[in-house]
Every structure is written in C-alpha cells, then in structure tokens.
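Heads up, the thing below is written out as structure tokens.
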Number of protein chains: 2
Amino acid sequence: MNAPSFRNWKSVQDEVLRRIHAREWKPGELIPNEADLAEEFGCARSTVNRALRSLAESGLLDRRRKAGTRVAAQPVAKATLDIAVIRHEVEGRGSKYGYQLLTRELTVPPARVCGAMQTPASDALLHVRALHLADDAPYAVEDRWINIGVVPQAHDEDFATISANEWLLKYAPYTHGEIAFSAVQVAEDDADILGVAPQSAVFAIDRLTWDKDASVTKVRLLFTPGYQLRTSL
Amino acid sequence: MNAPSFRNWKSVQDEVLRRIHAREWKPGELIPNEADLAEEFGCARSTVNRALRSLAESGLLDRRRKAGTRVAAQPVAKATLDIAVIRHEVEGRGSKYGYQLLTRELTVPPARVCGAMQTPASDALLHVRALHLADDAPYAVEDRWINIGVVPQAHDEDFATISANEWLLKYAPYTHGEIAFSAVQVAEDDADILGVAPQSAVFAIDRLTWDKDASVTKVRLLFTPGYQLRTSL
DNA sequence: CAGATTATTATGTATGCACATAAATATATT
DNA sequence: AATATATTTATGTGCATACATAATAATCTG
C-alpha cells in the first residue's frame, strides 16, 4: 500500500472524520501530532493545521498546546442558527411579507427593561410594538425598546413602513449581544394581536444588543404557534 | 501619522470591525482587496485573508472570488448554540444531576416516526423514555427512538443508569443531523412526569441524527417551564 | 449582434520556513 | 519535600511565494 495523498485541507479533514467515525481514533483519545500527520498524508503541516483547526472550531476535536489534539469525548453539538431579518425569513419561505406598526412611543421603561439595558431609570426609551405578517396572517409580534441615546436617528424614524427589526440592522451596528430562546404562555393582549387563544404556547426570542458598553436595543419576538427554529448539525 | 502596524490577524480583524462600526465601510459596500489591505496594514496577504475569512464565516462580510469583499448588507446574526449532554448542562449550572428511566421497549413505531427516520414501517425500533432531574426536580423528559439496525449495541444496554442521551454520543457517532426548537403545549402524560400543569408551554428540542444515509436516532426533549436556551452574538 | 472564447482579477489554498506561546515535564534550589 | 526555574514539545501564527479557481470583463467570431 503506497501512501494515499491528501493534498488539500478538505480531504485531510474528510480522512480525519472517517477515522473518527470508524473509531480508529476513539472519543477522548489523543491523535498523532500535526507534523506526523503531515508526513503521513504527504502534505504540509499548515494544511493539516487548517483541517484540524476547523474541526476543533466545530467542536469535534479538543486541541491544546503541548498537550496535543484529542477527539472530543462529549462532542458538544454546535448548532449555528441564522437569525435573519423577519422579512427575509418570511420571503425565504415563499410567503408574502406584511408589516404593521402597533404603537410607537417615547416612555420611561419598567425597571426590568432599564435594568437589563443598564440605562438610568429616569431615561425615556423608544418603545415600538409591531406585527409581522406572512401571507396576511400574523407571524410574529415584536416588542422593542431602543436606546435613543445611542441611536438618535431612531427619533426621526416613524417605523410606519419599515420595521425596527430591519431598520436597526441598517443604521445601528452592534458589537455584541445576547440571545435567548424560550417557550412562553402568551398574555392576553399578545394573544389578541396574534389571533391565538390566550395561554397558547408560543416561541419567544429575546435579544439584547450592545455597542461597546452601551445597550442599543432590547427586543422580544413572539411567534405564532407552530413556529420552528431549525438548523442542521 | 505614520502607518500603524497590524501585525497579527486579530488586530487586523479588530481594525476591520472598527471601520465597519464607524461606518467608514458601509453595509453593502465593497472594501479594498486583500493585497491593498495587506500593504496598508503592513502585513502579509495571508494575514489579511485569515482575518477576513473569519469575519465572513461569522456572516459580517460577503466574499466572492473576483467580485471582491463587501460588508454584509443584512448581516445574518449567526448564533452558535452549544447543545451539550443534559448531565453536563445541569452540572454546569451547579445543580445536582439525576436520571430516571421511565420505559424501554422494542416496538414498531408510529408512521410519523418511521417516516422521519426512513425505516421500513414493519421494523421495530428501541423506544426509550426517561426523565432528567436537576437538584431532584424534573428538568426534562426525553422521548427517543433508536435505530437498532444501525446501533445494535443499544440492544444490550438497559439505560437504567446512563441516559440514552449520553450513551449514544459515546457509542453512536453521526455524520449529520437536523435540530429544531419550538414551543409546545405539553400533553397530559408529559405534564404529569414533569410535574407541571397540563397545557403548560414548554420548550421542545427535536433532533434527528444520521450516519451517512441511515438514521441513528430521533429524540424529543421537553423542558420544564422557565427553561431558556441562550447564547451570545 | 448574439454567442462563444479568452484574458483578467480577487479570493482560495498549498508550501516551507521561522518564530511565538502555552503547557507539561524535568531539573535545580531552598 | 516544596517551590522555583529551565527545558521540551505541540499547537498557533506570520510571511513570501506559487498556483488554483471562480467570476467578471474584454475580445473574437459567425
């Protein structure tokens, strides 16, 4: 048997994956180092590095300097979710997108909100509520607070035709944020808006974004029953 | 002003991020090519490539050969969720993990299940139901179907002390899979098990994994109310 | 002028080399 | 023996160069 050649990083990755699946390299086990693999595969060490690094990023390998590379014992499945603008999400399903502004007012938020956003309790924030529709049926309600101290342009935008969801992406970049998914029993007013029975189980996405150390916006999206967030592993 | 030097890919990435945030490079706009940036930053093109590639992977840049690199017009927020073994998830929160097998039987599954798993309608699958506990309180119910044609060892495992959730990760590798998150109203039997009111809104994770073209397992996890799946952006 | 062909160009990747860095191990010092 | 120091080693990164590839732009051809 002459050495098969794995000349590009993807084929190296495939071979490594094959060995893991075939249990030639078992979970928790140390695999050969980059230099040895490079020699075996007949390629440069940097090519092996590229392949292994990529597998480590997806959680299948654990790498530590000096300690070496081992197959993850408990591979944490990393599911990458694409959180798109709702309009795109709806249109991507082949439905007609609709948008309807419900309320827009500048008010002092409840403690829960200014606590999370770390704004002074006395500061007014822009509160926008809107409904997203798919094929003229309710799709999701958006309840959003915008820090006008950070995004003053929001003050001049009425959000009548463009959703805050979309507007902010265009005009208010963020450096980092948090996102949480949960199931909630929908309150009466939201149930009315979505046209579902009160106490229905709806999917909720809560997002809070920051521009450096200042909060930009906090939003809760409630989706009509049946909504699924899906991705592949 | 002399040229600041960005000698490593992370500092190049930071500078690119800064320009995007400062809107020196606006959404949808074409940015200079790698060679020019390398010259400006005083580093090798490969260093710039590393920085830009990584930003493209996280969805902030769109890159196409010959066409060049542009700032994503609608940056799709890519949220990476770590789906860990439930025991680790519970222990990671500092709670005591508990496990309880409910049922384990070899039966012919309903059409819904063998349809999704693409197994012959007459084939029996291993059906395991179990309860995961955190600090002795119900945490999640697991309802799982295992393709014993693909994982014959499961036949000899009683799942009395180790959850299928954990056992499978160790003994049944998969090549790919699908995962879906949703909110459901809990059925009466599951409500009993979780110790919650019937019709409560609970968070559901449905996962289906494959080893090449054969389904390995299909599972639904229902979490007690209050459960949140969270990550940072 | 439409359609096929050929250049051009920006990203994508492979290579060999060098050095940086973290972490484990061995060695020296009190 | 406990602690500090040095050595070793595997991964991490940077660089210069070369060539591959995809997509656009330019050119040719009937």
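Can you tell me which condition residue A:35 does not meet? The list is (1) more than 23 Å from residue B:169 (Cβ to Cβ); (2) surrounded by 14 or more Cβ atoms within 10 Å (Cβ to Cβ), and all the others hold.
Status for residue A:35: all satisfied but (2).
Within the range A:20-71, restricting attention to residues that are free of Cβ contacts under 8 Å to residues at least 12 places away in the same chain and more than 13 Å from DNA strand D (Cβ to nearest atom), which residue is farthest from the chain's Cα centre (by Cα)?
Here the answer is A:24.
What's the number of the only condition in (1) assigned to a loop (DSSP other than H, G, I, E, B); (2) open to solvent by 60 Å² or more (accessible area, probe 1.4 Å) that residue A:162 fails to meet?
(2)
When residues of the range A:69-79 are filtered for being more than 17 Å from residue B:86 (Cα to Cα) and open to solvent by less than 30 Å² (accessible area, probe 1.4 Å), how many remain? Reasoning before the result, please.
Initial filter on the range A:69-79 (more than 17 Å from residue B:86 (Cα to Cα)): A:69-71.
Now narrow it down to the ones that are open to solvent by less than 30 Å² (accessible area, probe 1.4 Å): A:69, A:71.
Number satisfying all stated conditions: 2.
Got a sec? Which helices (runs of 4 or more DSSP H) wholly within the range B:1-95 have at least 3 residues that are within 16 Å of DNA strand C (Cβ to nearest atom) and not assigned by TED's automatic domain parsing to the domain that holds residue B:167?
B:9-21, B:34-41, B:45-57
Identify, please: which residue in the range A:187-218 is aliphatic (A, V, I, L, M) and within 8 Å of chain B (Cβ to nearest Cβ) and is, among those, surrounded by the most Cβ atoms within 10 Å (Cβ to Cβ)?
If we take residues in the range A:187-218 being aliphatic (A, V, I, L, M) and within 8 Å of chain B (Cβ to nearest Cβ), then A:202 is surrounded by the most Cβ atoms within 10 Å (Cβ to Cβ).
Among the residues of the range B:174-186, count how many are surrounded by fewer than 21 Cβ atoms within 10 Å (Cβ to Cβ), farther than 30 Å from residue A:209 by Cβ and either in contact with an Asp or Glu (Cβ under 6 Å, 6 or more places away or on another chain) or more than 12 Å from chain A (Cβ to nearest Cβ) (or both).
Selection size over the range B:174-186: 1.
Rundown of residues vs (1) assigned to a loop (DSSP other than H, G, I, E, B); (2) closer than 22 Å to residue A:104 by Cα; (3) modelled with pLDDT under 95; (4) of a type in the set (Asp, Glu), yes/no style:
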residue	(1), (2), (3), (4)
A:168	no, yes, yes, no
A:178	no, no, yes, yes
A:183	no, no, no, no
A:220	no, yes, no, no
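Take residue B:230 and decide whether it is more than 8 Å from every other protein chain (Cβ to nearest Cβ), assigned to a strand (DSSP E or B), at negative phi and open to solvent by 70 Å² or more (accessible area, probe 1.4 Å).
no
The values are calculated or read from the model by the stated rules, or taken from the named source; none is laboratory data. Computed from a predicted structure; not experimentally measured. Every residue, glycine among them, receives a Cβ derived from its backbone with ideal geometry; neighbour counts consider all protein chains shown. Keep in mind that these areas ignore ligands, DNA and RNA; they rest on the heavy atoms of the full protein, side chains included. Shrake-Rupley method; radii C 1.70, N 1.55, O 1.52, S 1.80 Å.
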